[in-house]
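In what follows, a single structure is set out as structure tokens and then discussed.
The values are calculated or read from the model by the stated rules, or taken from the named source; none is laboratory data. Note that this is a predicted model, so its numbers are computed, not measured. A quick note on method: Cβ atoms are made from the backbone with ideal geometry, for glycine too, and the neighbour counts reach across all protein chains shown. What goes into the accessible areas is simple: the full protein's heavy atoms, side chains included, and nothing from ligands, DNA or RNA. Shrake-Rupley method; radii C 1.70, N 1.55, O 1.52, S 1.80 Å.
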Amino acid sequence: MDELPKKVDFVVCGTGLPCSIFAAACARIGKSVLQIDRNTFYGSEWSNFNMKEAKSWKASCESSKVISNLKFTPSECWDTFEMFLRTEQYRFNINVDNSPLFSTGKMTELLIQSKATRYLSFKNVASLKTVYEDEFMSVPASRADLFASKRVTVIEKRKMMNFLTKSLQEEPSEEISTFDQFLERFKLTEKLKSFVKSSIIFSNTEDLSLYDGLAKLKKFISSLGKYSAASAFLYASYGSGELAQAFARMCAVFGGITVLEYPLKEIFLEDDLVTSLSISVPESSTPHKVRCDHMIAEVNYLESYHNNTEEDFHQVIIILTDDDLKKIIKDEKLALAEDSGPEPDHCIITAIVDGHHIWGLALDSSSSTTPKGKSIVTLRCRHKPTLDKFSSKFATDSLWQMEFTNSKVHLNDLPANVQVSPTVQFDPDYDYAVSWAENLFKKLCPEEEWLPPMPEPGDIIFPTDEEGEKKPEDPKDAEESKDSTAKNTENSSQEESANAKET
Amino acid sequence: MASRKKVLLKVIILGDSGVGKTSLMNQYVNKRFSSQYKATIGADFLTKEVLVDDRMVTLQIWDTAGQERFQSLGVAFYRGADCCVLVYDTTAPNTFKSLESWRDEFLIQASPRDPDNFPFVVIGNKIDLENRAVTPKRAQAWCAAKNDLPHFECSAKEATKVDEAFVTIARAALQQEADTELYKEVPERVDLRRNDAARSNSGDCAC
């Protein structure tokens, strides 16, 4: 086996989404990166796994400070997996932190900008449903949904339309400081207000500031219609656990090294700076020591700095059922839906129950996360008893369930060249992960370009001995030769003769 | 006939590091060979349009990007593969022995619908070198035992049999794609790039 590097610019501990974005950005500009993970899988708390891997996920959680109260029902659920065909077991992709992406959100923009989209495929989230007074209903967020809906009155339709088209043009008034006060101006009914809070701004916080509320509203409205007239959201096939792997791939393409199942053993300090790290090597008694300029780590790699864990940051429940989603979500048939063919079943589900906001995803096989005829429902809420009660309506034909608490961990002062990545957040999408990685990158690599477009695959020149340190082709050149195919372009054949070495 | 949609076939190349995976795909697609070994950096995937039995298909050939060196190929790499190429070095018996575990790894990670009939193509590379250590007989016996896998002995350096191997790969991938087409249960994908291109054309891209 090849040797691990003895000195790198960055050691990144953990392959969760924020760390993987950061590692890719550094490798992309030619920094040396070693990314390690104590687990056998990519993604940390953002990972996805099939049924066979559920056991190793469980083992990993036992030493996690971020995920706690992990419970499977039935408790030895892997035994029940035998009831599935062998090939079916692998067709489940259980995404621990499953989230849709806003079509114009930071993550979507980054994937497009960096061209990491080549490693992923996306679908529109077919619909947005909310549970209002114990009934499922489609959220009339788009013009078409609004007119098709039978659950809102004509007056409500007019008010909602008015809100969706006018709210962002309103002059902010000085007397108004919260989003609730702002909503009052549109004289929305309780039902419409609930729609807006649960499913458009995804927040039921009473004192949500006007600024934050409008930012959320703007994000939703600008996303609506970007790729689909009826949907503001995209969904990554196989689940959002794929995102971390896309960035890990990009990191590898640009020379970064990732190793799985290599736990961090020891941190060596000198004058409050990390100088090197010792990493356990599987099937070897000798750990590997690597010197580094910076250490970037997830919370679970900084155990000696843990202070306290915030309780009940948010609760997640994942339910796998034997049913079609149609049987679980009994919604009105939208009048327009019949003309546009069979309606896909996967959707975002939201609710406000006893003042607590709940949201999640209900997915069928069109998401590539379940085999045909099975469904996966993921729900989250900041209040466990509310979530327990609410989730029971999805659990009638439950094959198994998994639930856990995602907590925030506070750390003591870290050495100056150590940075900690954020933990999973409650809100949908990954703005927080992108912002963190981008800000850190700009701080540690000032003047460098943040995830510029990857060159087209055919334009990448393979380095030779003479140019071992040669960085991949300048993306600007690649842009210019955009029209060239993977086949011999003038550009690459020139490079070829430059690279060729007589043997 | 005319309405036949464009076919994109995903081919992934597996094998121990140093067997010449990148060289093979580079020779096939770019007609280039670099004799220096360098752990793969920058190789992502290469595409080539080929005619298979009167049908134009686009082969998208995926490299391991060096992630095989420390066994860190994630499951996402394997998803949706239509054919898997297993490569060994005819001068290094260990790399031939590894084929068994690469094949198993592929079947677990990619979870094809019909694992027994999933198309693998086996390539023994570097036959231009003198010190051959894996005999054709031994390689063929293994391929025969695995449901008659096609086997080619190639030289990426001298371009020996590389094209022939990839013709077989393309045909096998197309056949596989046609088989799985029947099970299609996935709605249309969203093309983020198309939208991106449309925006850059309109001139309001961030510069």
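Can you work out which of the residues in segment B:49-99 that are free of Cβ contacts under 8 Å to residues at least 40 places away in the same chain and among the charged types (D, E, K, R) is nearest to the other protein chains (Cβ to nearest Cβ)?
Of everything passing the filter in segment B:49-99, B:79 is nearest to the other protein chains (Cβ to nearest Cβ).
Give the residue that is most open to solvent (accessible area, probe 1.4 Å), with candidates limited to residues of segment A:161-178 that are without any contact (Cβ under 8 Å) to a residue 12 or more places away in the chain and outside any helix (DSSP H, G or I).
Going through the qualifying residues, I end up with A:174.
With the requirement that a residue be open to solvent by 10 Å² or more (accessible area, probe 1.4 Å) and more than 14 Å from residue B:10 (Cβ to Cβ), what does segment B:109-127 give you?
Once the filter is applied, which keeps residues that are open to solvent by 10 Å² or more (accessible area, probe 1.4 Å) and more than 14 Å from residue B:10 (Cβ to Cβ), segment B:109-127 yields B:111, B:113, B:114, B:115, B:116, B:117, B:126, B:127.
When the residues of segment A:101-138 are narrowed to those that are polar (S, T, N, Q) and under 23 Å from residue A:394 (Cβ atoms), which ends up surrounded by the fewest Cβ atoms within 10 Å (Cβ to Cβ)?
Ranking the candidates gives A:124 first.
All but one of (1) modelled with pLDDT under 90; (2) open to solvent by 90 Å² or more (accessible area, probe 1.4 Å); (3) at positive phi; (4) not aromatic (Phe, Trp, Tyr) hold for residue B:182; state the number of the condition that does not hold.
For residue B:182, the exception is condition (3).
List the number of the failed condition for residue A:118; all other conditions in (1) away from chain B (no Cβ under 14 Å); (2) charged (D, E, K, R); (3) over 20 Å from residue A:345 (Cβ atoms) hold.
(1)
Filter segment B:15-43 down to residues that are at the interface with chain A (Cβ under 7 Å from one of its Cβ atoms) and in a helix (DSSP H, G or I) and give me whichever is modelled with the lowest pLDDT.
B:30
Determine whether residue A:423 is of a type in the set (Val, Ile, Thr) and in a loop (DSSP other than H, G, I, E, B). First the steps, then the outcome.
Values: of a type in the set (Val, Ile, Thr): yes; in a loop (DSSP other than H, G, I, E, B): yes.
Answer is yes for this residue.
So is residue A:22 touching a residue at least 24 places away in the same chain (Cβ under 8 Å), open to solvent by less than 10 Å² (accessible area, probe 1.4 Å) and in contact with a Leu (Cβ under 7 Å, 6 or more places away or on another chain) or not?
Details: touching a residue at least 24 places away in the same chain (Cβ under 8 Å): yes; open to solvent by less than 10 Å² (accessible area, probe 1.4 Å): yes; in contact with a Leu (Cβ under 7 Å, 6 or more places away or on another chain): yes.
Here the answer is yes, as residue A:22 does meet what is asked.
Every residue, every condition in (1) assigned to a loop (DSSP other than H, G, I, E, B); (2) under 16 Å from the mean Cα position of the chain (by Cα); (3) under 30 Å from residue B:60 (Cα atoms); (4) modelled with pLDDT under 90, yes or no:
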site	(1), (2), (3), (4)
A:58	no, no, no, yes
A:78	no, no, no, yes
A:98	yes, yes, yes, no
A:131	no, no, no, no
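Taking the residues in segment A:243-253 that are open to solvent by less than 10 Å² (accessible area, probe 1.4 Å) and of a type outside the set (Gly, Ala, Ser) as candidates, determine which candidate is modelled with the lowest pLDDT.
A:253
Output the number of residues of segment A:389-432 satisfying the condition of being within 30 Å of residue A:322 (Cβ to Cβ), among the aromatic types (Phe, Trp, Tyr) and modelled with pLDDT of 90 or more.
The qualifying residues number 3.
From B:72, B:111, grab the single residue that is touching a strand residue (DSSP E or B) at 6+ places or on another chain (Cβ under 7 Å), modelled with pLDDT under 95 and within 28 Å of residue A:20 (Cβ to Cβ).
Details: B:111 fails: touching a strand residue (DSSP E or B) at 6+ places or on another chain (Cβ under 7 Å).
When all the criteria are applied, what remains is B:72.
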